[in-house]
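The values are calculated or read from the model by the stated rules, or taken from the named source; none is laboratory data. Because the structure is predicted, anything quoted here is derived from the model rather than measured. Here the Cβ is made from the backbone with ideal geometry for all residues, glycine too, and neighbour counts use every protein chain on show. The accessibility values were calculated without ligands, DNA or RNA, using every heavy atom of the protein model including side chains. Shrake-Rupley method; radii C 1.70, N 1.55, O 1.52, S 1.80 Å.
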Amino acid sequence: MAGGIAAFSRSDWDACAGGENPFVSHAFLSALEDSGSAVTRTGWQPVPIAIDDAEGRPAAILPAYAKSHSRGEYVFDHGWAEAWERAGGNYYPKLQIAVPFSPVPGPRLLLRDPALAPALIVAAESVVVQNDLSSAHATFIAPEQVPLFEAAGWLIRTDTQYHWANRGYAGFDDFLGALSSRKRKNIRKERETAREGLQFLHLTGAEIEERHWDAFWHFYQDTGARKWGTPYLTRSFFSLLGERMGDKVVLMLALRDGHPIAGALNLVGGETLYGRYWGCTEEVPCLHFELCYYQAIDVAIARGLKTVEAGAQGEHKLARGYEPTLTYSAHYIPNEGFRRAVEAYLAQEREIVEHNAEALAEEGPYRKG
């Protein structure tokens with residue numbers, strides 16, 4: 001285990017992480033650490049696990065954290081923690097293999113050498129056993145990596161998000177043409193309502209100045225205070241994000257009379273636009289839909305991206321062209337009795353989640369036939 005992302009050079013880390021998913025990049029994860037957002041004080045002690053090659057360079061890495069709580073994960077295990085502690089155990093600390101505060105599917109086994117995947121999973125298990133931790137949890141795993149954890153005997157959990165798929169649309173109107181008439185009319189009405197009297201900016205790279213981050217920080221604080229009580233990210237995180245990976249950022253701002261009143265932060269991956277944070281200082285009907293969903297689709301089409309992932313949960317996204325998509329996590333529980341109880345619970349939960357996803361897909365907004 002290393003003491004944090006800072007123990008790795010950017011080139012070594014990114015050689016394992018690849019360039020498709022910005023959330024597992026050295027720039028993103030180090031910004032979380034260096035800004036004081038994901039650190040021991042906040043309950044996210046960075047403990048990345050690495051396997052080196054013969055030359056001493058990392059060939060496989062787990063972005064891992066010792067967690068003293070279950071906040072900021074979006075895969076909820078509070079009930080498991082309560083049950084474990086009622087039985088007299090200590091659920092925390094636990095090992096969390098994840099990107100803090102980011103319910104974004106992506107690789108959790110960062111592999112320059114794919115043959116090391118089983119050994120990396122064994123290394124995580126060893127950390128749990130040797131340090132007498134209750135469990136390990138790899139959350140929002142890229143679907144192609146799920147079989148690796150499953151083969152190692154980890155329990156697999158499913159949930160649902162709503163993602164938009166680009167079916168080769170030439171523009172937003174082309175996308176609307178694929179929808180049922182009622183949904184098409186509703187979206188046009190929402191966009192007209194949201195945009196009345198406002199101007200919109202899409203900023204990236206050097207276009208994003210500190211004044212823009214200041215404005216967005218106010219928006220983020222408002223949303224964070226309502227959702228979590230205390231926002232997870234510090235103000236400096238956003239400045240570091242702009243400095244280290246501004247070319248991957250699309251900051252959308254809504255302005256009234258030249259003053260920002262709302263904003264949405266997106267990151268650009270190899271094939272996906274990831275919607276992350278949003279907030280406002282003025283309530284405008286449908287503005288959340290416009291900034292977070294519709295303008296994200298505009299950007300994805302313009303950039304030729306295949307998908308938009310607009311964050312966790314939200315059945316309301318279905319009516320706006322976003323379709324149910326299964327997400328996955330994997331859980332290692334060395335205590336056999338507790339493992340059996342969780343396994344039985346997950347089997348029931350998985351059946352419900354998959355049934356609901358199928359039903360929602362059938363009710364989708366797209367024209368049939």
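When each of the peptides 95-104, 131-140, 175-184, 257-266 is scored by how many other beta carbons lie within 10 Å of its residues on average, the order from highest to lowest is 95-104, 131-140, 257-266, 175-184. Can you send over the carbon and sulfur percentage of the accessible area for the chain, probe radius 1.4 Å, protein chains only? Heavy-atom surface of the chain belonging to carbon and sulfur, 1.4 Å probe: 50 percent. Dividing the radius of gyration of the alpha carbons in the stretch 302-345 by their Kirkwood radius gives 1.23 for Rg/Rh.
Given +1 at the Cβ of Lys and Arg, -1 at the Cβ of Asp and Glu and no other charges, the dipole of the chain around its Cα centre is 740 debye to the nearest 20. Give me the tail of P(r) for the chain as a percent: Cα-Cα pairs with distance above 40 Å. Everything past 40 Å amounts to 15 percent. The convex hull around the C-alpha trace of the stretch 1-139, projected and averaged over every direction, spans 8.1 square nanometres. Modelled spin-label separation between Arg211 and Ala359, with each label point placed 7 Å from Cα along the Cα-to-Cβ direction: 5.1 nm. Roughly speaking, what % of Cα-Cα pairs in the stretch 234-369 are separated by over 20 Å, rounded to a whole number? Result for the distance tail: 61 percent.
The angle between the Cα long axis of helix 117-130 and the longest principal axis of the Cα atoms of the chain comes to about 60 degrees, rounded to the nearest 10. Of the residues Trp13, His316, Val122, the one whose Cα sits farthest toward the positive end of the charge dipole of the chain, with +1 on the Cβ of Lys and Arg and -1 on the Cβ of Asp and Glu, is His316. Using the alpha carbons alone, the radius of gyration of the stretch 62-170 stands to its Kirkwood radius in an Rg to Rh ratio of 1.02. Distance between the 7 Å Cα→Cβ label points at Asp53 and Ala302: 4.0 nm. Provide the FRET efficiency to the nearest 0.05 for the Leu255-Arg340 pair, computing r from the beta carbons and using R0 = 45 Å. The computed FRET efficiency comes out at 0.20. If the chain linking Gln130 and Ala347 were pulled fully straight, counting 0.36 nm for each residue of separation and taking away their Cα-Cα distance, it would gain 75.2 nm. Remark: spin-label model distance Glu283-Glu20 equals 4.2 nm, labels positioned 7 Å along the Cα→Cβ axis.
Ordering Leu29, Val75, Ala64 by the projection of their Cα atoms onto the charge dipole of the chain, which places +1 on the Cβ of Lys and Arg and -1 on the Cβ of Asp and Glu, puts Val75 at the extreme positive end.
Counting charges near Ile5 (Lys, Arg +1; Asp, Glu -1) among other residues having Cβ under 10 Å from its Cβ returns a value of -1.
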